[in-house]
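Contents: one structure, followed by commentary.
The values are calculated or read from the model by the stated rules, or taken from the named source; none is laboratory data. The structure displayed is predicted, hence computed values, not measured ones. Quick reminder, even Gly has a Cβ in these numbers, built from the backbone with ideal geometry, and neighbours come from all protein chains shown. Please note that ligands, DNA and RNA were not included when accessible areas were found on the heavy atoms of the full protein model with its side chains. Shrake-Rupley method; radii C 1.70, N 1.55, O 1.52, S 1.80 Å.
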Amino acid sequence: MKNSAEVVIVGGGISGCATAYYLAKLGCTDVVVLEKEYIASGATGRCGAGVRAQWGLELNCQLTKMSCEMFEELDEELDYDGDTEFKQGGYLMLATKEKEVEQFKKNVELQNKLGIKSELLTPTEALRIVPFLNTDSVLACSFHQKDGHLNPFYVTDAYMKAAKRLGVEFYTHTAVKDIKVDKGKIEGVVTEKGEIVTNKVLNAAGGWAKEIGKLAGIELPLTPERREILVTEPVGALLAPMIISTSLNFYCQQVPHGSFIMGRGNPYEKEGLNQASSWEFLTNMSKTITQVLPVLSRIRVVRQFAGMYILSPDAAPIYGNVPTVEGLYLAVGFSGHGFMVGPMTGLLMAQHILGKETEISIDSLDLGRFDRGELIREPSVV
Ligand SMILES: Cc1cc2nc3c(=O)[nH]c(=O)nc-3n(C[C@H](O)[C@H](O)[C@H](O)COP(=O)(O)OP(=O)(O)OC[C@H]3O[C@@H](n4cnc5c(N)ncnc54)[C@H](O)[C@@H]3O)c2cc1C
């Protein structure tokens with residue numbers, strides 16, 4: 001293992017791997033990525049990997065639209081020997097309450113202004129996209145054809161391989177145990193396999209980011225919370241878009257090899273580092289999905305798994321440096337949408353760490369916004 005590096009990244013999910021790649025691409029190749037398990041073992045490898053540009057805030061529209069364009073070019077950009085499986089079947093968002101319909105109207109207007117060609121659909125129009133959708137409770141939908149989903153393992157693998165080719169070193173099964181800080185400055189990282197001297201550390205530890213903050217002596221306003229997923233047996237192609245509804249509390253997609261993957265939130269979920277599966281989720285998820293997509297009642301469930309959201313107080317990411325610890329950087333707090341902004345997270349963090357002007361301003365996403373009371377109020381967060 002190397003004993004020094006210009007930048008040490010904690011976490012081998014999409015945030016850490018993408019940042020490693022863009023750092024190296026920008027000329028900083030003396031970079032180490034430390035991962036306590038295997039690459040994409042955290043939320044990245046357990047997520048829906050849905051990508052949508054349909055948001056209600058300009059900043060989120062910008063971040064996701066730009067990431068979406070980067071995903072479109074990813075295989076070429078990273079010279080990937082596989083296929084990251086970007087299936088752009090669109091995102092169909094269902095509104096079942098008047099308040100949601102009003103919000104969708106505002107969102108679509110904003111999105112169109114920003115060049116995102118989303119549209120408002122009636123339930124009947126939605127049936128042209130998903131003929132077997134139960135629209136009984138649906139009042140309106142919004143749809144954007146360029147949204148979709150990818151294979152999160154291949155995406156992370158592609159970033160890792162490209163970063164490796166440029167000289168970045170990845171150490172898996174290497175947990176960070178301590179972060180050395182002296183007089184308010186980062187001095188090094190202690191792992192279970194040895195120490196690395198460095199002045200720059202990026203905390204990209206997903207659900208464990210609060211713990212990594214503690215190692216550097218800071219208390220981050222983050223809450224880990226379990227989210228579960230259910231997977232069916234593979235069947236022939238039925239569903240092109242990802243379907244999602246906040247009020248009906250579900251999302252569902254069919255991945256290229258035929259399985260349906262779906263999830264929902266549990267309003268009673270307790271905070272904590274928990275990745276166990278539950279019967280309760282299996283039961284509730286099955287009930288919800290067979291009401292909205294009754295045809296799925298004929299498909300068998302093959303497995304379920306869980307991962308962790310890491311929630312910030314406003315469910316928006318925290319990007320940037322930590323004013324009280326020189327050399328400590330954060331790419332944390334992504335809630336349920338850290339995968340879809342992964343390419344931009346990598347690019348922005350790499351530019352910021354290297355002291356370059358960032359592609360778009362990340363000032364409003366800094367850690368200090370919570371003390372200033374300047375929270376990001378996204379109306380369409382799931
Ligand atoms: C069920 C579920 C569904 C989701 N669906 C979507 C979706 O459809 N679209 C979307 O955009 N987002 C979705 N998300 C959110 C998304 O998965 C995350 O925001 C994103 O993957 C975060 O990536 P990351 O690299 O920041 O963190 P992670 O992927 O969690 O990576 C952090 C890594 O840090 C490692 N680590 C932790 N502690 C240490 C340590 N001490 N030493 C070394 N390594 C350490 C972990 O092992 C982990 O691999 C979903 C999340 C879940 C749980």
Looking for something under 29 Å from SER364 (Cβ atoms) and crowded, with 24+ Cβ neighbours inside 10 Å - is there at least one such residue anywhere in the range 81-91? yes
Residue pairs meeting the criteria (Cβ under 7 Å; at least 6 apart or on separate chains; first without any contact (Cβ under 8 Å) to a residue 60 or more places away in the chain, in the range 287-316; second assigned to a strand (DSSP E or B) and buried (at least 21 other Cβ atoms within 10 Å of the Cβ)): THR288/PHE250; THR288/ARG264; ILE289/PHE250; ILE289/CYS252; ILE289/MET262
Are any of the residues in the range 138-149 away from the ligand (no atom under 12 Å from the Cβ), part of a helix (DSSP H, G or I), within 25 Å of the chain's Cα centre (by Cα) and among the hydroxyl-bearing types (Ser, Thr, Tyr)? no
Return only the number of the condition from (1) among the β-branched types (Val, Ile, Thr); (2) open to solvent by less than 60 Å² (accessible area, probe 1.4 Å); (3) over 26 Å from LEU59 (Cβ atoms); (4) assigned to a strand (DSSP E or B) that VAL235 does not satisfy. (4)
In the range 319-338, what count of residues is obtained for those that are away from the ligand (no atom under 11 Å from the Cβ) and of a type outside the set (Phe, Trp, Tyr)? 9
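Find the residue count for the range 149-177, including only residues that are on the phi < 0 side of the Ramachandran plot and open to solvent by less than 60 Å² (accessible area, probe 1.4 Å). If you could, list the steps in order and put the result at the bottom.
The initial filter retains those residues of the range 149-177 that are on the phi < 0 side of the Ramachandran plot, namely 149-166, 168-172, 174-177.
Remaining after also requiring open to solvent by less than 60 Å² (accessible area, probe 1.4 Å): 149-152, 155-160, 162-163, 168, 170-172, 174-176.
Residues in the range 149-177 being on the phi < 0 side of the Ramachandran plot and open to solvent by less than 60 Å² (accessible area, probe 1.4 Å): 19 in total.
Just for the range 345-371: of the residues that are small (Gly, Ala, Ser) and touching a residue at least 12 places away in the same chain (Cβ under 8 Å), which one is surrounded by the most Cβ atoms within 10 Å (Cβ to Cβ)? Full working, then the answer.
We begin by selecting, within the range 345-371, every residue small (Gly, Ala, Ser); these are 346, 350, 355, 361, 364, 368.
After this cut, where a residue has to be touching a residue at least 12 places away in the same chain (Cβ under 8 Å) as well, the list is 346, 350, 364, 368.
Numbers: GLY346: 27, ALA350: 25, SER364: 12, GLY368: 12.
Ranking the candidates gives GLY346 first.
Name the single residue that is farthest from GLY342 (Cα to Cα) among those in the range 175-206 being part of a loop (DSSP other than H, G, I, E, B) and without any contact (Cβ under 8 Å) to a residue 40 or more places away in the chain.
From the range 175-206, those part of a loop (DSSP other than H, G, I, E, B) are 175, 183-184, 192-193, 198-200, 204-205; that's our starting set.
Adding the requirement that they be without any contact (Cβ under 8 Å) to a residue 40 or more places away in the chain leaves 183, 192.
On the way: LYS183: 33, GLU192: 28 Å.
The selected residue is LYS183.
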For the range 159-209, which residues satisfy the criterion of being over 21 Å from VAL332 (Cα atoms) and aliphatic (A, V, I, L, M)? ALA162, LEU166, VAL168, ILE196, VAL197
Working only within the range 98-127, note down all residues that are assigned to a helix (DSSP H, G or I), of a type in the set (Val, Ile, Thr) and in contact with a strand residue (DSSP E or B) (Cβ under 7 Å, 6 or more places away or on another chain). VAL101, VAL108
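Could you please find all residues in the range 254-264 being touching a Lys or Arg at 6+ places or on another chain (Cβ under 8 Å) and open to solvent by less than 20 Å² (accessible area, probe 1.4 Å)?
Residues of the range 254-264 that are touching a Lys or Arg at 6+ places or on another chain (Cβ under 8 Å), as a first pass: 255-256, 263.
The one that is touching a Lys or Arg at 6+ places or on another chain (Cβ under 8 Å) and open to solvent by less than 20 Å² (accessible area, probe 1.4 Å): GLY263.
Please go through the range 207-230 and give me each residue that is in a loop (DSSP other than H, G, I, E, B) and either away from the ligand (no atom under 13 Å from the Cβ) or closer than 23 Å to LEU347 by Cβ (or both), ordered by number.
To start, the set of residues in the range 207-230 that are in a loop (DSSP other than H, G, I, E, B) comprises 216-222.
Those that are in a loop (DSSP other than H, G, I, E, B) and either away from the ligand (no atom under 13 Å from the Cβ) or closer than 23 Å to LEU347 by Cβ (or both): GLY217, ILE218, GLU219, LEU220, PRO221, LEU222.
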In the range 43-69, anything over 30 Å from ALA276 (Cβ atoms) and open to solvent by less than 40 Å² (accessible area, probe 1.4 Å) is listed as ALA53, GLN54, TRP55, GLY56, LEU59, ASN60, CYS61, LEU63, THR64, SER67, CYS68
Within the range 8-44, how many residues turn out to be within 12 Å of PHE170 (Cβ to Cβ), near the ligand (Cβ under 6 Å from one of its atoms) and either assigned to a helix (DSSP H, G or I) or modelled with pLDDT under 95 (or both)? 1
